[in-house]
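Structure record follows, encoded as structure tokens.
The values are calculated or read from the model by the stated rules, or taken from the named source; none is laboratory data. Only a predicted model underlies this, so the values are computations on that prediction, with no experimental measurement involved. Positions of Cβ are generated from backbone atoms using ideal geometry, with glycine treated the same way; all protein chains shown enter the neighbour counts.
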Amino acid sequence: MSMARILPSRGNVMTIELQSGIRDSLPVIVGVVPFGLACGIMGITIGMTPLETVLMSALVFAGASQFVAMTMLGAGPAGWGLIVLTTLLINLRHLLMGASLAPYMNRLPVPMQALLAFGMVDETYALTIDRVRQKGYHPGYQLGCNLSFYIAWVASTAVGVFMGERIADPLAWGLDFAMPAMFLALLMPRLMDRTGGLVCILAAVVSVVGAMYLPGKWYIIIACLAASAAGGLLEGKNDAKQ
Amino acid sequence: MMLNNEILLIIAGMAAATFFTRFACLALFSRNGVPEWMGKWLKHVPTAILTALIAPALLLPQGSLDISTGNHYLLAGCVAAATAYKSRSVIATMTLGLAVMFALRWLNI
């Protein structure tokens, strides 16, 4: 047996990581499909053509801002600037996710970084950063997650478009619970040290109060900034004591 | 007509805005890396952001604070959290959590 067979080549590692990302994404896609269906149905309902609705999912690939934009379009003529600005605000949380992955991704070629950034949504970020916690970062794993979610999102939007208004709202089944359930499983192992627990409590309080009183998705950004900064400060203090 | 220019421009603008938010920080740090003080802070971003996505989804499923046994998301969330703590498995957590969710919906409690 040649050495090449025993030692996995770089190409093989990439394939293995890609497959492992896809495998880990499969159960979680259950939570995304109902949103994709709802997105397709909504596009048709507000008068977009099937092609436009699917194109939006394929190019924007950001569920929350697509729902908001379609709501604005459905409510009557909405300005380009207002919709784009709202999209920007809703997705500001990705700046924080990008920053948290930057230390691992900045060694990759820039086009690869751009490709991986295009597919960075809440779920793929959560899976990727969990893999970092367990085994370290690998771009193949991230690509596998991104690909699975992208295909699921675009395909389920297309199915929603063709089912149109003929089916009931898929979100009424409670399937949207799949997302917080998945996030819980990825969050729990991070709470085993004191700082992690405190960051979680602070983020929970700020996000809940924020969701009650702030417009849009500001609660995510503010809770994340406040709690992660507090975590960083706490850690700094502990280091000083030791 | 299959496509209308105004919608196409909106889609293009949204795509650009979204990509900007996902790529800006990577581009910013790609040459010199992330400063050390910031790395300490960024370490806690996953915990903070996961919590900020979960807590309102469970406590305010309809947009207003709902701490009652009528809130299926909160009940199923407690089961999912306990499962996640015990099993550390995404599949087990989602299966049990969704099973409780469907049971609550079906029984219409």
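Brief remarks on what is shown
- Within the range A:108-117, the only residue that satisfies the criterion of being under 18 Å from the mean Cα position of the chain (by Cα), over 14 Å from A:Cys145 (Cβ atoms) and crowded, with 17+ Cβ neighbours inside 10 Å is A:Gln113.
- Pairs linking a residue in the range A:84-95 that is over 19 Å from A:Glu123 (Cα atoms) and within 8 Å of chain B (Cβ to nearest Cβ) to a residue that is among the hydrophobic types (A, V, I, L, M, F, W, C) and surrounded by fewer than 21 Cβ atoms within 10 Å (Cβ to Cβ), with Cβ atoms under 8 Å and 6 or more positions apart or on different chains, are A:Val84/B:Ala16.
- Selected residue [assigned to a helix (DSSP H, G or I) and within 8 Å of another protein chain (Cβ to nearest Cβ)] from A:Gly197, A:Gly232: A:Gly232
- Among residues that are surrounded by fewer than 23 Cβ atoms within 10 Å (Cβ to Cβ) and either of a type outside the set (A, V, I, L, M, F, W, C) or on the phi > 0 side of the Ramachandran plot (or both), A:Thr87 is not included.
- Residue match in the range A:53-70 (condition: over 14 Å from B:Ile11 (Cβ atoms), in a loop (DSSP other than H, G, I, E, B) and touching a residue at least 24 places away in the same chain (Cβ under 8 Å)): no
- For the range A:36-50, the criterion of being surrounded by fewer than 21 Cβ atoms within 10 Å (Cβ to Cβ), modelled with pLDDT of 90 or more, assigned to a helix (DSSP H, G or I) and assigned by TED's automatic domain parsing to the domain that holds A:Thr128 is met by at least one residue.
- In the range A:147-183, the qualifying residues are those that are at pLDDT 95 or above and more than 18 Å from A:Met56 (Cβ to Cβ), and the one that is farthest from the other protein chains (Cβ to nearest Cβ) is A:Leu147.
- Put simply, of A:Met120, A:Met182 the only residue that is hydrophobic (A, V, I, L, M, F, W, C) and outside the structural domain of A:Ser20 (by TED's automatic domain parsing) is A:Met182.
- Matching option when the condition is under 19 Å from A:Ser25 (Cβ atoms), at the interface with chain B (Cβ under 7 Å from one of its Cβ atoms) and either among the aromatic types (Phe, Trp, Tyr) or more than 15 Å from the chain's Cα centre (by Cα) (or both), among A:Met105, A:Met120: A:Met105
Matching residues to (1) touching a residue at least 12 places away in the same chain (Cβ under 8 Å); (2) within 7 Å of chain A (Cβ to nearest Cβ); (3) under 20 Å from A:Ala62 (Cα atoms); (4) not aliphatic (A, V, I, L, M):
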{"position": "B:Ala16", "(1), (2), (3), (4)": "no, no, yes, no"}
{"position": "B:Phe19", "(1), (2), (3), (4)": "no, yes, yes, yes"}
{"position": "B:Thr69", "(1), (2), (3), (4)": "yes, no, no, yes"}
{"position": "B:Gly77", "(1), (2), (3), (4)": "yes, yes, no, yes"}
{"position": "B:Ala82", "(1), (2), (3), (4)": "no, no, no, no"}
{"position": "B:Val90", "(1), (2), (3), (4)": "no, yes, no, no"}
{"position": "B:Ala99", "(1), (2), (3), (4)": "no, no, no, no"}
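- Hey, A:Ile29 surrounded by fewer than 18 Cβ atoms within 10 Å (Cβ to Cβ) and either without any contact (Cβ under 8 Å) to a residue 40 or more places away in the chain or more than 10 Å from chain B (Cβ to nearest Cβ) (or both) or not: no
- Candidate set from the range A:128-138 (those that are within 12 Å of chain B (Cβ to nearest Cβ) and farther than 21 Å from A:Leu92 by Cβ); member that is surrounded by the fewest Cβ atoms within 10 Å (Cβ to Cβ): A:Gln134
- Scope the range A:146-156; condition buried (at least 21 other Cβ atoms within 10 Å of the Cβ) and out of contact with any Phe, Trp or Tyr (no Cβ under 9 Å at 6 or more places or on another chain); matching residues: A:Ser148, A:Ala152
- Of all residues making up the range B:29-64, the number that are hydrophobic (A, V, I, L, M, F, W, C) and more than 7 Å from every other protein chain (Cβ to nearest Cβ): 2
- Checking A:Gly164, A:Gly81, A:Gly76 one by one, the residue that is on the phi > 0 side of the Ramachandran plot and without any contact (Cβ under 8 Å) to a residue 12 or more places away in the chain is A:Gly76 and no other.
- Checklist (1) of a type in the set (A, V, I, L, M); (2) touching a residue at least 24 places away in the same chain (Cβ under 8 Å); (3) within 19 Å of A:Cys39 (Cβ to Cβ) applied to A:Val132, failing item: (3)
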